[in-house]
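Before anything else, here's the structure in question.
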Amino acid sequence: MSALKLPDVKLQPGTLEFLEKHPKNLFINNEWLAAQSGETFETRNPASGDVLAEVALAGEADVDAAVAAARTAFRGPWSQLAAADRAARLFKLADLIDAHADALAELETLDNGKPLRVARRGDLPYVTKHLRYQAGWADKIEGSTVPVTYPDQFVYTRREPLGVVAGIIPWNFPLLMAIWKLGPALTAGNTLILKPAEQTPLTALYLADLVKEAGFPPGVVNVLPGPGLPTGAALAKHMGIDKLAFTGSTEVGRKIMEAAANSNLKRVSLELGGKSPNVIFADADVNAAIRGAQWAVFSTAGQECVAGTRLFVERAAYEQVVEGLKAQVEKMVVNHGFAEKVHVGPVITEQQMSRIVGYIEEGKKAGAEVVTGGGRVEELGGGYFVQPTVFAYQDDSLSIVTDEIFGPVAAVTAFDDWDELIARANNTIYGLAAGVWTRDIGKAHRYAHAVQAGTVWINGYGMIDPAAPFGGYKQSGFGREMGKEAIELYTQVKTVWVGMQ
Ligand code: ADP
């Protein structure tokens, strides 16, 4: 197996067994099936470019079969379970994920490239924290009684599941994104068809075995690997799917809304791209702000929708921040995810690497100054490695400033006054997240209120928690995942009128 060629990599027996023996098929009705067309696709290790596995590619006929399975499960055994029994299965699933965390983390590193330490200590614990938090809501989803104007009518509401939910997810946090959809969808009583990203299908397939072991009835969770076309598009336009929960690019989000509009008006929730502003005022703890700004961009090799890629620094602190950031970034080690020392892993694909390098070249040509980095890392073999890159710029119309690059590229600029800052920070089609660093508490809150973003971090960056709602303003999407808002996203309200005369 190609993954074993990486230096010093001793994989867990569970990882090896999965890679070498487990069918990489479609999971429908708690069974592993080949695609009806027999088609497959390759998933690669971004650290080496080698093929990790051939995976079944779900076509329209497979999507039909999964929808039928999910519908039957929704009408039958799943709806008849008490909410507490749904929760019990979700808690069991969380326990199983914990028990298999070492293998799941290794598969995540092989398929996505992220440092193993990050997968094992970051992604995996958060996956089960999220699942347990959501499962806790299962028996607390309540309606209300409504004081209408008719004295002889008793009116109450019920919060009911939507039915069959499809989750289409990206490759940057493969298992976490799967659980962000699975957790609230199942907690609220829906059934699920999950389409992992074609770049990273492995942990979703591993998860499917755990779903079966946790005792979910057949059809409650189905996993359909495959690319956007045909698999994702077939889900988006399917007449039998009641809701589509999507995380990915704004461009694809737009296509999904269009497909929903032109089919059955399925509910859509979209968590899309970002180009988040991170602001350092001169009165901040500047050293803490520099470290925060560094990780705001370079964790997950810049492949995070919340990445704080536009760094605004008050002029009095500008030189200090640029120099400090350069020094910090130059200490970061770019390497494959299993290396003992690694801060920045590979980017996901060769195509994505070329796209990122293309943006870097555009930035240079347009006159932005390269503070550090500025190209590929060639000496790391066949992997897709890009140098952590910082640009200094003045012109807000450069493509490195306007476009979501989804790679390790930061753009830093100076600002002089409040009105200029707010206008420039909000001068983007996106609105997912924002950061601000200052010791002035009033200023911090004024910024938090003025910036158009779904999440704002004051003197920090990037924290996410199962209890804290998360989602976008503007073209970063709509709908809030996590918190009790996630339950609202996966339920609908029924109003019942009772004549008491
Ligand atoms: P990213 O830029 O993070 O790769 P994408 O938006 O391209 O994000 O992909 C996110 C998810 O959307 C993936 O699972 C991908 O297969 C899926 N996808 C891509 N194109 C389509 C489409 N036309 N319809 C439905 N899903 C799609």
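The values are calculated or read from the model by the stated rules, or taken from the named source; none is laboratory data. From a predicted model like this one, the values you see are computed outputs, not experimental measurements. Please note: Cβ atoms are built from the backbone with ideal geometry, for glycine as well, and neighbour counts cover all protein chains shown.
Being farther than 30 Å from E42 by Cβ and loosely packed, with under 15 Cβ neighbours inside 10 Å is the filter; apply it to segment 318-350 and report the residue that is farthest from the ligand (Cβ to nearest atom).
Checking each candidate, the answer is E319.
I'd like the full set of residues that are free of Cβ contacts under 8 Å to residues at least 24 places away in the same chain and more than 14 Å from the chain's Cα centre (by Cα), limited to segment 448-468.
Matches in segment 448-468: A448, H449, V456, I458, A468.
Give all pairs with beta carbons closer than 8 Å in which a residue from segment 157-185 that is closer than 30 Å to W497 by Cα meets a residue that is crowded, with 24+ Cβ neighbours inside 10 Å and among the aromatic types (F, W, Y); count only pairs at least 6 apart in sequence or on separate chains.
Once the first residue is closer than 30 Å to W497 by Cα and sits in segment 157-185, its partners that are crowded, with 24+ Cβ neighbours inside 10 Å and among the aromatic types (F, W, Y) give P161/Y490; L162/Y490; V165/Y490; P184/Y490; A185/Y490.
While we're on this one: For segment 192-205, what are the residues that are crowded, with 24+ Cβ neighbours inside 10 Å and in contact with a Ser or Thr (Cβ under 9 Å, 6 or more places away or on another chain)?
Within segment 192-205, K195, P196, T200, P201, L202 meet the criteria.
Checking M353 against (1) among the hydrophobic types (A, V, I, L, M, F, W, C); (2) over 21 Å from G462 (Cα atoms); (3) in contact with a strand residue (DSSP E or B) (Cβ under 8 Å, 6 or more places away or on another chain); (4) more than 16 Å from the ligand (Cβ to nearest atom): exactly one of these is not met. Which one?
(4)
Determine, yes or no, whether G431 is within 27 Å of the chain's Cα centre (by Cα), part of a loop (DSSP other than H, G, I, E, B) and closer than 23 Å to W171 by Cα.
Considered against the rule, which asks whether it is within 27 Å of the chain's Cα centre (by Cα), part of a loop (DSSP other than H, G, I, E, B) and closer than 23 Å to W171 by Cα, G431 comes out as yes.
Suppose we filter V286, V297, V306 for residues that are within 25 Å of V409 (Cα to Cα), surrounded by fewer than 22 Cβ atoms within 10 Å (Cβ to Cβ) and not hydroxyl-bearing (S, T, Y); which single one remains?
Result of the check over V286, V297, V306: V286.
For segment 401-423, name all the residues that are away from the ligand (no atom under 16 Å from the Cβ) and either surrounded by 24 or more Cβ atoms within 10 Å (Cβ to Cβ) or among the charged types (D, E, K, R) (or both).
A410, A411, V412, D416, D417, D419, E420
Does K129 satisfy being over 19 Å from G219 (Cα atoms), within 19 Å of the chain's Cα centre (by Cα) and either surrounded by fewer than 17 Cβ atoms within 10 Å (Cβ to Cβ) or basic (K, R) (or both)?
For K129, the condition - over 19 Å from G219 (Cα atoms), within 19 Å of the chain's Cα centre (by Cα) and either surrounded by fewer than 17 Cβ atoms within 10 Å (Cβ to Cβ) or basic (K, R) (or both) - is met.
Something else now. So, in segment 167-177, how many residues would count as being buried (at least 24 other Cβ atoms within 10 Å of the Cβ) and either aliphatic (A, V, I, L, M) or not in a loop (DSSP other than H, G, I, E, B) (or both)?
Counting residues in segment 167-177 that are buried (at least 24 other Cβ atoms within 10 Å of the Cβ) and either aliphatic (A, V, I, L, M) or not in a loop (DSSP other than H, G, I, E, B) (or both) gives 6.
Among the listed residues R158, R117, identify the single one that is out of contact with any Pro (no Cβ under 7 Å at 6 or more places or on another chain), among the charged types (D, E, K, R) and either exposed (fewer than 15 other Cβ atoms within 10 Å of the Cβ) or more than 30 Å from E42 (Cβ to Cβ) (or both).
The unique qualifying residue is R158.
Additional query: Taking interchain pairs and intrachain pairs at least six residues apart, which have beta carbon atoms under 8 angstrom, with the first residue in segment 57-79 and modelled with pLDDT under 95 and the second not in a loop (DSSP other than H, G, I, E, B)?
From residues that are modelled with pLDDT under 95, the pairs are S79/P161.
Can you tell me which of A68, A119 is among the hydrophobic types (A, V, I, L, M, F, W, C) and under 23 Å from C305 (Cα atoms)?
A119
Turning to a different aspect of this structure: Residues that are within 16 Å of the ligand (Cβ to nearest atom) and more than 27 Å from L52 (Cβ to Cβ), at least 2 per element: which strands (runs of 3 or more DSSP E) completely within segment 182-281 meet that?
Output list reads 243-247, 267-271.
If the Cβ limit is 6 Å and pairs must be 6+ apart or interchain, which residue in segment 475-501 that is under 18 Å from V155 (Cβ atoms) pairs with which residue that is assigned to a loop (DSSP other than H, G, I, E, B)?
Pairs that qualify, where the first residue is under 18 Å from V155 (Cβ atoms) and the partner is assigned to a loop (DSSP other than H, G, I, E, B), are Q492/L162; M500/D152; Q501/D152.
Do we have any residue at all in segment 284-301 that's away from the ligand (no atom under 15 Å from the Cβ), in contact with a helix residue (DSSP H, G or I) (Cβ under 9 Å, 6 or more places away or on another chain) and not in a helix (DSSP H, G or I)?
yes
Looking at S269, S276, which is the one that is within 17 Å of A411 (Cβ to Cβ) and either hydroxyl-bearing (S, T, Y) or surrounded by fewer than 23 Cβ atoms within 10 Å (Cβ to Cβ) (or both)?
That would be S276, the only listed residue that is within 17 Å of A411 (Cβ to Cβ) and either hydroxyl-bearing (S, T, Y) or surrounded by fewer than 23 Cβ atoms within 10 Å (Cβ to Cβ) (or both).
Here is a list: R121, R117, R159. Which entry is under 21 Å from L244 (Cα atoms), of a type in the set (K, R), more than 16 Å from the ligand (Cβ to nearest atom) and modelled with pLDDT of 95 or more?
R159
Kindly list the number of the only condition in (1) part of a helix (DSSP H, G or I); (2) on the phi > 0 side of the Ramachandran plot that fails for A423.
Failing condition for A423: (2).
Do you know which residues across segment 481-500 are charged (D, E, K, R) and in contact with an Asp or Glu (Cβ under 8 Å, 6 or more places away or on another chain)?
E481, K494
Under 8 Å between Cβ atoms, which residue pairs at least 6 apart in sequence (or on different chains) link something in segment 418-433 that is of a type in the set (S, T, Y) with a partner that is in a helix (DSSP H, G or I)?
Hits for this filter: T428/T402; T428/K474; Y430/T250; Y430/K474; Y430/Q475; Y430/S476.
Give just the number: which of (1) in a loop (DSSP other than H, G, I, E, B); (2) without any contact (Cβ under 8 Å) to a residue 60 or more places away in the chain does G383 not satisfy?
Status for G383: all satisfied but (2).
Which of the residues that make up segment 89-115 are of a type in the set (G, A, S) and outside any helix (DSSP H, G or I)?
G113
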